[in-house]
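The values are calculated or read from the model by the stated rules, or taken from the named source; none is laboratory data. Computed from a predicted model, the values in this text were never measured in an experiment. Here Cβ is always computed from backbone atoms with ideal geometry, including for glycine, and neighbour counts include all displayed protein chains. Surface accessibility is based on the protein's heavy atoms, side chains included, excluding ligands, DNA and RNA. Shrake-Rupley method; radii C 1.70, N 1.55, O 1.52, S 1.80 Å.
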Amino acid sequence: MAKFVKVVFWYILSLLPAIVLGECTCDSDDDERNKNEALKYKMAALASILVASTIGVCIPVLGKAVPALSPERNFFFVIKAFAAGVILSTGFIHVLPDAFESLTSPCLKENPWGKFPFSGFVAMVAAMATLMVDAYATSYYNKKFIISGVVVQSGDGVVHANSHGHVHGSASMMANPESELLRYRVISQVLEVGIIVHSVIIGIALGASQSPKTIKPLVAALTFHQFFEGMGLGGSIAQAKLKSRAIAIMALFFSLTTPIGIAIGLGITNDYDENSPTALIVEGIFNSASAGILIYMALVDFLAADFMHPRMQGNGKLQLGANISLLLGAGLMSLLAKWA
């Protein structure tokens, strides 16, 4: 799966610069363009986003050094609820509306889907595809451990599976800690793919812009955006309990995606046209798919799993704290849409 994340990352980086170059179909407003001033803001954005992304993704991962942030502590549920709110808002408020805007732009004088809500369709397909990957990967690992004779926990105690895959015990079987851990690893890597896609796109859009008026508010908005999103991904990585090398690679990939996107945007500034049909269609489809992945991951793998967890269900104060944290995360991230 780690190789899959790398392949997707480099594929997107190699594909986007080539396909966003195109003939302009809508007139751009040249009055607000100032290449030299815009470059200063781009450099500031690159540095601040890199630092914010790194700090955000590392905070939950430092659970070993900071006991309060450990996944075994109740407070971790509160952190994950906040992160889930951020990711949910990113999908619904930031990414999906951008996708609708791209695929319904007046610059697309002719498109094959007409009035059909193609953005929503792509998001739906991406969410279902994520569900299938999630379900099949979990099923595969569960069967693998049963066949291997791994001890499996049940509601009434502990049951065992022998080497032939027969389960001994009367209670219904639940996922054992090993397979649950593997599922967390699948979740963290699928989530990173969804985040990488739209992080590269927003980086290219910012880097290619020559309007200081457009870039100014984006610097602060995207800095906070990447920080909060990093916390969400970091929480998922922490639960996956990956090796130090894998954690470093995933954190590095996340931290560098938007800055690399900005660098690519800087390189294609003179040729990039955000209003070309090719750019609008590609960005719209990628953003739609990213939104579907992020919404699914937030609702199913973060919120549903944690809010139905026995520890959460048996602790009223923890439920209240998690709900407040969820609303706070979603609210803060939604407010950023005003400046993004």
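Test of understanding: among Gly114, Gly91, which residue is under 25 Å from Ser276 (Cα atoms) and either out of contact with any Leu (no Cβ under 9 Å at 6 or more places or on another chain) or among the polar types (S, T, N, Q) (or both)? Full working, then the answer.
On the way: Gly91 fails: either out of contact with any Leu (no Cβ under 9 Å at 6 or more places or on another chain) or among the polar types (S, T, N, Q) (or both).
Just one listed residue meets the conditions, Gly114.
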Output yes when any residue across the stretch 76-89 is open to solvent by less than 20 Å² (accessible area, probe 1.4 Å) and not in a helix (DSSP H, G or I), and no when none is. no
Test of understanding: among Ser199, Ser179, Ser170, which residue is among the polar types (S, T, N, Q), modelled with pLDDT under 70 and part of a helix (DSSP H, G or I)? Ser179
Out of the stretch 251-261, which residues are over 14 Å from the mean Cα position of the chain (by Cα) and farther than 15 Å from Cys58 by Cβ? Pro259, Ile260, Gly261
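Go through the residues of the stretch 243-250 one by one and say whether even a single one is under 18 Å from the mean Cα position of the chain (by Cα) and free of Cβ contacts under 8 Å to residues at least 40 places away in the same chain. I'd like the intermediate steps shown before the answer.
Our first condition is that a residue be under 18 Å from the mean Cα position of the chain (by Cα); within the stretch 243-250, this holds for 246-250.
Then keep just the ones that are free of Cβ contacts under 8 Å to residues at least 40 places away in the same chain; that gives 248.
Checked against the condition, which is being under 18 Å from the mean Cα position of the chain (by Cα) and free of Cβ contacts under 8 Å to residues at least 40 places away in the same chain, the stretch 243-250 yields at least one hit.
In the set Leu191, Leu242, which member is in a loop (DSSP other than H, G, I, E, B) and closer than 30 Å to Leu69 by Cα?
Values: Leu191 fails: in a loop (DSSP other than H, G, I, E, B).
Among Leu191, Leu242, only Leu242 is in a loop (DSSP other than H, G, I, E, B) and closer than 30 Å to Leu69 by Cα.
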Please specify each residue of the stretch 106-163 satisfying the condition of being open to solvent by less than 50 Å² (accessible area, probe 1.4 Å), within 25 Å of Pro310 (Cα to Cα) and modelled with pLDDT of 70 or more. Asp134, Ala137, Thr138, Ser139
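With the requirement that a residue be over 21 Å from Asp271 (Cβ atoms) and not hydroxyl-bearing (Ser, Thr, Tyr), what does the stretch 35-50 give you? Quick ask: steps written out before the conclusion?
Filtering the stretch 35-50 down to residues over 21 Å from Asp271 (Cβ atoms) leaves 40, 44, 47-50.
Selection gives Lys40, Ala44, Ala47, Ile49, Leu50.
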Evaluate the stretch 93-105: report whether one residue or more is among the aliphatic types (A, V, I, L, M), open to solvent by 70 Å² or more (accessible area, probe 1.4 Å) and not in a loop (DSSP other than H, G, I, E, B). yes
If a residue counts only when it is surrounded by 15 or more Cβ atoms within 10 Å (Cβ to Cβ), which helices (runs of 4 or more DSSP H) contained entirely in the stretch 262-340 have at least 2 such residues? 277-296, 316-336
Conditions first: (1) over 20 Å from Thr223 (Cα atoms); (2) assigned to a helix (DSSP H, G or I). Phe116 passes all but one, so which condition is the exception? (2)
Restricting attention to the stretch 60-108, report how many residues are over 14 Å from the mean Cα position of the chain (by Cα) and among the hydroxyl-bearing types (Ser, Thr, Tyr). 4
Of (1) touching a Leu at 6+ places or on another chain (Cβ under 8 Å); (2) over 12 Å from Gly232 (Cβ atoms); (3) surrounded by fewer than 23 Cβ atoms within 10 Å (Cβ to Cβ), Pro67 satisfies all except one. Which? (1)
